[in-house]
1. Does the stretch 184-195 hold any residues that are surrounded by 20 or more Cβ atoms within 10 Å (Cβ to Cβ) and in a helix (DSSP H, G or I), and which are they?
2. For the stretch 32-60, name all the residues that are more than 19 Å from residue 14 (Cβ to Cβ) and either outside the structural domain of residue 209 (by TED's automatic domain parsing) or assigned to a strand (DSSP E or B) (or both).
3. Scan 181, 201 and give me the residue that is assigned by TED's automatic domain parsing to the domain that holds residue 38 and in a loop (DSSP other than H, G, I, E, B).
4. If residue 159 satisfies every condition in (1) under 15 Å from the mean Cα position of the chain (by Cα); (2) over 12 Å from residue 86 (Cβ atoms) but one, which is the exception?
5. Could you list all residues from the stretch 44-59 that are under 16 Å from residue 18 (Cβ atoms) and touching a residue at least 40 places away in the same chain (Cβ under 8 Å)?
6. Restricting the stretch 122-139 to residues that are surrounded by 18 or more Cβ atoms within 10 Å (Cβ to Cβ) and without any contact (Cβ under 8 Å) to a residue 40 or more places away in the chain, which is farthest from residue 153 (Cα to Cα)?
7. Looking at 66, 91, 97, 14, can you tell me which residue is crowded, with 22+ Cβ neighbours inside 10 Å and either in contact with a helix residue (DSSP H, G or I) (Cβ under 9 Å, 6 or more places away or on another chain) or assigned by TED's automatic domain parsing to the domain that holds residue 173 (or both)?
8. Can you tell me which of 147, 116 is touching a helix residue (DSSP H, G or I) at 6+ places or on another chain (Cβ under 6 Å) and not assigned by TED's automatic domain parsing to the domain that holds residue 10?
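The values are calculated or read from the model by the stated rules, or taken from the named source; none is laboratory data. All values derive from a computational prediction rather than experimental measurement. All Cβ positions, glycine included, derive from the backbone under ideal geometry; neighbour counts span all protein chains shown.
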């Protein structure tokens, strides 16, 4: 579904990504892990069109993604949940969900999809008329995911979904992500929580200093001696 080939990117004169190549297959969960500043967020921003690539290529369903504007990438079926969730705090929960159905193909099904996400997240139905900024951290993350699903994505990208959440809520969040994957949505997840990230993934990549330094089956990566030493302190 997604093929990233030799991407170089950065901010101004600062290069952050160096020849990054990776892929996500249809219906697959892929986790990208690495320390702070490794370049994980930047690759998501390049995929979604928030940052330009200096060189390289990205294909999505056979389409040259780098030739498309960010808004067009959303319409193709790419949904990006940024670090910090990106909800609109001065709007209600329901208003946030309605905004999520921006792509034309999703607008006609907006009400139907809202009912669907309310079944997935009953707490959001209870809070539908509450200002989104007053929700708890876990509820805001649920809202961010629910809003992303409103666009009926083929690929869901999540940037540090566990950030700032209590351990119990983190477990619930990853259970939710696993359930979404079972619906056939491809998922690319960026995480520092290596155990959680690889526990729900089919495959994984490890990024260091803007480069992919390791890739493989997630269950094998989590038992890799280098990964355990660098990220688990084992």
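1. Result: 194, single match.
2. 32, 33, 57, 58, 59, 60
3. Details: 181 fails: in a loop (DSSP other than H, G, I, E, B).
Exactly one of 181, 201 is assigned by TED's automatic domain parsing to the domain that holds residue 38 and in a loop (DSSP other than H, G, I, E, B), namely 201.
4. (2)
5. 51, 52, 53, 54, 55, 56, 57, 58
6. Initial filter on the stretch 122-139 (surrounded by 18 or more Cβ atoms within 10 Å (Cβ to Cβ)): 124, 127, 132, 135, 139.
Still in the running and without any contact (Cβ under 8 Å) to a residue 40 or more places away in the chain: 124, 127, 139.
Working: 124: 20, 127: 24, 139: 21 Å.
Among them, the one singled out is 127.
7. Numbers: 66 fails: crowded, with 22+ Cβ neighbours inside 10 Å; 91 fails: crowded, with 22+ Cβ neighbours inside 10 Å; 14 fails: crowded, with 22+ Cβ neighbours inside 10 Å.
Testing whether each residue is crowded, with 22+ Cβ neighbours inside 10 Å and either in contact with a helix residue (DSSP H, G or I) (Cβ under 9 Å, 6 or more places away or on another chain) or assigned by TED's automatic domain parsing to the domain that holds residue 173 (or both) leaves just 97.
8. Selected residue: 147, the only one of 147, 116 that is touching a helix residue (DSSP H, G or I) at 6+ places or on another chain (Cβ under 6 Å) and not assigned by TED's automatic domain parsing to the domain that holds residue 10.
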